[in-house]
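Below is one structure, written out as structure tokens; the observations come after it.
All of the numbers you see were taken from the coordinates with simple rules; none came from a lab. Here the structure is a predicted model, which is why all the values come from computation and not from measurement. Neighbour counts are summed over all protein chains in view; Cβ atoms, including those assigned to glycine, are modelled from backbone coordinates with ideal geometry.
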Amino acid sequence: MNSVRSIINRAHDYYFNQWRGNEKICPAFGEKIYVTGLGWRHIAKHPRRLLVDKLIRLRNLSLAREVLEESTTYQTVQHKGKYILYGFRAIKGDRVIKVVVSSRGEEGKKVLYSVMFRSISKQEQRKIIQHNKKTVDEFRRKNPRKNSKTRK
């Protein structure tokens with residue numbers, strides 16, 4: 001149980017002392033996504049979440065930060081009353097990461113809301129790589145590079 005407490009303490013320190021207050025501009029929105037107690041409570045204190053699930057989320061907060069600082073687009077949008085939830089998905093190594101950002105209306109302040117992780121098998125990784133390769137090849141076939149030097 002001691003290691004559980006140390007994981008939680010390290011994550012708390014990272015979340016509140018290293019990330020919060022040092023948020024960078026998220027390219028997808030062109031504005032900061034704020035790290036607040038709302039996100040911490042949802043990630044670390046959710047009553048229906050298993051301890052193992054909480055620990056996975058807490059141990060990988062730095063990956064969630066990378067996703068928000070590097071992503072140029074969000075993949076999902078869900079409206080819940082006056083709140084909008086934006087979902088970012090990324091694959092880092094053998095993990096699928098989903099980061100959820102909340103906003104009160106489209107113009108509201110963007111706040112980190114949740115982080116989720118899922119490991120993917122080698123077979124799934126190969127499928128994703130093949131799919132991405134097909135997509136890129138198709139794009140290149142339909143949009144050939146134009147030679148900048150035109151011959152006359």
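Tabulated data
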quantity	calculated
Cut-off 17 Å (backbone N to label point 7 Å along Cα→Cβ of R126), residues of region 61-101	94
Chain lengthening between V77 and E106 when straightened (0.36 nm per residue, less Cα-Cα)	9.4 nm
Of K127, K109, K32, the one that fluctuates the most in a GNM where the chain has Cα springs shorter than 10 Å	K127
Cα centre as origin, Lys/Arg/Asp/Glu Cβ charges: the chain dipole, Debye	700
Stokes-Einstein diffusion coefficient of the chain, Kirkwood radius over Cα pairs, 37 °C, 0.692 mPa s, in µm²/s	187
Cross-link pairs beyond the 29 Å C-alpha cut-off, checked among K45/K92; K110/K133; K24/K92	K110/K133
Estimated [θ] at 222 nm from DSSP helical runs (n ≥ 4, -39500 (n - 2.57)) normalised by residues in the chain, nearest 500	-12500 deg cm²/dmol
GNM result for the chain, Cα springs below 10 Å: residue of A90, A28, A64 fluctuating most strongly	A28
Candidates T135, T36, T73: whichever shows maximal mean-square fluctuation once the chain is modelled as a Gaussian network with Cα springs under 10 Å	T135
Whichever aspartates and glutamates have a C-alpha closer than 19 Å to that of K82, once near sequence neighbours (fewer than 8 apart) are set aside	E106, E107
